[in-house]
Amino acid sequence: MSLESLLQHYGLAALFVGAGVEGETVVVGGGLLAHRGYFPLSGAMAAASAGSFVADQLFFLGGRRFRDHRWVRRVREKPAFARAIGWLERYPIGFILAFRFIYGLRTVSPVAIGTSRVEARTFLIVNIVAAIMWGVTFTTIGYLAGRRFEHLLHRFVPGTPLLLGAVGILGGVAVAAHVGRLAWRRWHGRPRR
């Protein structure tokens, strides 16, 4: 089975999972692949929105159900958790709408919200709206950047098939984002002297 065939059959499922696990990089890549016609743009938007919604809903429920568990206690110790709670107390609905757009707060925020007094129904409704906004925004960015990406790829690496170049670049960006995130955590986790 070719890579193109795999993308056409399983691309939206992979986008669903990637949106919940990795985030923006995968969703922008999904928009790029929709631009190339591997799956419809509306399908990419729906898969990205649903993946984000499900992941954040699970983190919220984990925070709500296991607020005294050592996993949640470990998350509470992170500086981002305190920032998330502070913003949540001042702007509850606005924060739920915006946290997935704020670097460093994407995973910890739904857990923090789950440990708060925000009602599960309120989070569910606002989370649906926020996930749709996020999924549509980042998929559209990838879709609109598709033509420019093709131009740059052919300019710097002539003869490279677009799909191979896209997978390589997106993989590199995902790895760089992960390494950057780990470095950020390590640097900010050190005690100040």
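The values are calculated or read from the model by the stated rules, or taken from the named source; none is laboratory data. These figures come from a predicted structure and were not determined experimentally. Reconstructed Cβ throughout: ideal geometry from the backbone, glycine too, with neighbour counts over all protein chains shown. In case anyone asks, the SASA skips ligands and DNA or RNA and just uses the protein heavy atoms, side chains included. Shrake-Rupley method; radii C 1.70, N 1.55, O 1.52, S 1.80 Å.
Here is how the numbers come out for the structure above:
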quantity: In Å², nearest 10: area of Leu41 left accessible to a 1.4 Å probe; calculated: 50 Å²
quantity: Potential lengthening between Arg65 and Ser5 on full extension [0.36 nm per residue; Cα-Cα distance subtracted]; calculated: 17.5 nm
quantity: Neighbour cut-off at most 12 other Cβ (10 Å), DSSP loop, trypsin sites (Lys or Arg not before Pro), segment 53-142; calculated: Arg117
quantity: 4 °C / 1.567 mPa s Stokes-Einstein diffusion coefficient of segment 8-71, Kirkwood radius on C-alpha pairs, µm²/s; calculated: 105 µm²/s
quantity: Order of exposure, largest accessible area first, which applies to Glu22, Glu89 with probe 1.4 Å; calculated: Glu89, Glu22
quantity: Average projection area in nm² (convex hull over Cα atoms of segment 47-93, one quarter of hull surface); calculated: 3.9 nm²
quantity: Per-residue HN-Hα couplings for segment 28-42 [Karplus 6.51, -1.76, 1.60; θ = phi - 60°; Hz; x = Gly/Pro]; calculated: 4, x, x, x, 4, 5, 5, 4, 7, x, 6, 7, x, 4, 4
quantity: Probe 1.4 Å - accessible area at Asp56, Å² to nearest ten; calculated: 0 Å²
quantity: Relative packing of peptides 24-31, 48-55, 91-98 - highest average C-beta neighbours within 10 Å first; calculated: 24-31, 48-55, 91-98
quantity: Extent along principal axes [Cα atoms of segment 1-113; Å; largest to smallest]; calculated: 47, 27, 19
quantity: Virtual spin-label span in nm between Leu58 and Val21, 7 Å along Cα→Cβ; calculated: 1.0 nm
quantity: Two-site label geometry, Leu97 and Leu182: point separation in nm, points 7 Å out along Cα→Cβ; calculated: 3.7 nm
